[in-house]
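Visitor: Quick one: structure below, then a few questions.
The values are calculated or read from the model by the stated rules, or taken from the named source; none is laboratory data. In this text, all values refer to a predicted model and were calculated from it rather than measured experimentally. Cβ placement follows ideal geometry from the backbone for every residue including glycine, while neighbour counts extend to all protein chains displayed. Each accessible area value is taken on the protein alone, full model and side chains, heavy atoms only, with ligands, DNA and RNA left out. Shrake-Rupley method; radii C 1.70, N 1.55, O 1.52, S 1.80 Å.
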Amino acid sequence: MPPLSVSRLKGGELVLQSRLWATNSVVVPAGEDACLVCDPSIFPDEIAEIRALTDGSARVYVLVTHSDFDHVCGLPAFAGATVVTGVSTAAAIAGGAARRKLDESGREWGAAWDGELRVDVTVSAEAVWCGDLEIAAVECQGHCDDGAGFVIAGRGLLLAGDYLSTVSPPIVLGSFDGAVSAIERLLRTIDAHRIPTIVPGHGPVLDRDQAHQVGREDIRYLRAVQAAAAAAVRAGESANVAFLRVRGVPAPRAARSDFEAFDWLSANARRALADAGHRSTP
């Protein structure tokens, strides 16, 4: 199988990209004998490669942006690390939802990620320290029912989770309003901290201007999908007619083939129609 794609940022941080969905893991030096890893993923051989990069560190901190399987799957490989998440993600892990999603995905992908999913530290707007790095969270529920972006201001980094990606349109598994609010908070955070480097959960690293452009495009798309669903309900359209109306909202960008294969635009349309109270969806 292809190895991880590895790139180095100006501060020495490593961005390691999986062969599936261009999923990003980030390794950041965190002081003497310490390092931070965000979302180590996806497949066991890739996780082992990321884990090996931390072997020289006495203190390892693992950040998890949200509870989707491709972001929690690396946790069992870091049994001795300190696991840090936002408040809502900690609840998803403690309540067992993350483990259930991970086991289901393992069956679907023919992979196994055995071991404990746990959280040691929760972080919110009030920062915590991971080695020499001060970490603050930006709550980001919407893509799914939990999530946070992480600000590492001392490194000029924002780890955005599954937002601000150029390799897919926005995917809504949770809430359209929540996704819009999350993007708006992330963009405000970029400006407030003058963050020059944004690492989304999938796809290329962005600068500040690029992140704002992607964010604006995604918000326009999400609002347009909601508006189309509301219009279909007002018009009393049948299930298939309504679906075609909402599914026809132009996406802000093309998706990678391995995203496109799962037809997330159709999933977005169905969710928007359900949220708008349409009586049935195809």
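Visitor: Taking interchain pairs and intrachain pairs at least six residues apart, which have beta carbon atoms under 7 angstrom, with the first residue in segment 212-232 and more than 16 Å from Gly277 (Cα to Cα) and the second open to solvent by less than 30 Å² (accessible area, probe 1.4 Å) and not hydrophobic (A, V, I, L, M, F, W, C)?
Guide: Asp218/Pro170; Tyr221/Pro169; Tyr221/Pro170; Leu222/Pro170
Visitor: Please go through (1) in contact (Cβ under 8 Å) with a residue 40 or more places away in the chain; (2) under 24 Å from Ala153 (Cβ atoms) for Ser18 and return the number of the only condition it doesn't satisfy.
Guide: All conditions pass for Ser18, except number (2).
Visitor: Scan segment 25-35 and tell me whether some residue there is in contact (Cβ under 8 Å) with a residue 24 or more places away in the chain, out of contact with any Ser or Thr (no Cβ under 6 Å at 6 or more places or on another chain), in a helix (DSSP H, G or I) and not aromatic (Phe, Trp, Tyr).
Guide: no
Visitor: Could you look through segment 151-173, keep only residues that are out of contact with any helix residue (DSSP H, G or I) (no Cβ under 9 Å at 6 or more places or on another chain) and of a type outside the set (A, V, I, L, M), and pick out the one that is farthest from Glu260 (Cα to Cα)? Walk me through how you get there before you give the answer.
Guide: Narrowing segment 151-173 to residues out of contact with any helix residue (DSSP H, G or I) (no Cβ under 9 Å at 6 or more places or on another chain): 152-157, 159.
With the extra rule that they be of a type outside the set (A, V, I, L, M), the set shrinks to 154-156.
Working: Gly154: 36, Arg155: 33, Gly156: 32 Å.
Of everything passing the filter in segment 151-173, Gly154 is farthest from Glu260 (Cα to Cα).
Visitor: Consider Glu49 against the criteria (1) at pLDDT 95 or above; (2) part of a loop (DSSP other than H, G, I, E, B): it satisfies all of them except one. Which criterion is unmet?
Guide: Just one mismatch for Glu49, condition (2).
Visitor: For segment 174-203, give me each residue that is closer than 29 Å to Val246 by Cα, out of contact with any strand residue (DSSP E or B) (no Cβ under 9 Å at 6 or more places or on another chain) and not in a helix (DSSP H, G or I).
Guide: Gly174, Ser175
Visitor: If you don't mind, another one. Are there any helices (runs of 4 or more DSSP H) wholly within segment 205-274 with 2 or more residues that are within 20 Å of the chain's Cα centre (by Cα), and if so which? Give the steps one after another, and end with the answer.
Guide: On the way: elements: 208-234, 239-247, 257-260.
Ranges flagged: 208-234, 257-260.
Visitor: A further question on this structure: Restricting to segment 223-264, name every residue that is within 19 Å of Gly142 (Cα to Cα), among the hydrophobic types (A, V, I, L, M, F, W, C) and in contact with an Asp or Glu (Cβ under 9 Å, 6 or more places away or on another chain).
Guide: Selection gives Ala229 alone.
Visitor: Could you run through segment 152-178 and say how many residues are more than 13 Å from the chain's Cα centre (by Cα) and among the small types (Gly, Ala, Ser)?
Guide: Adding up the residues that qualify gives 5.
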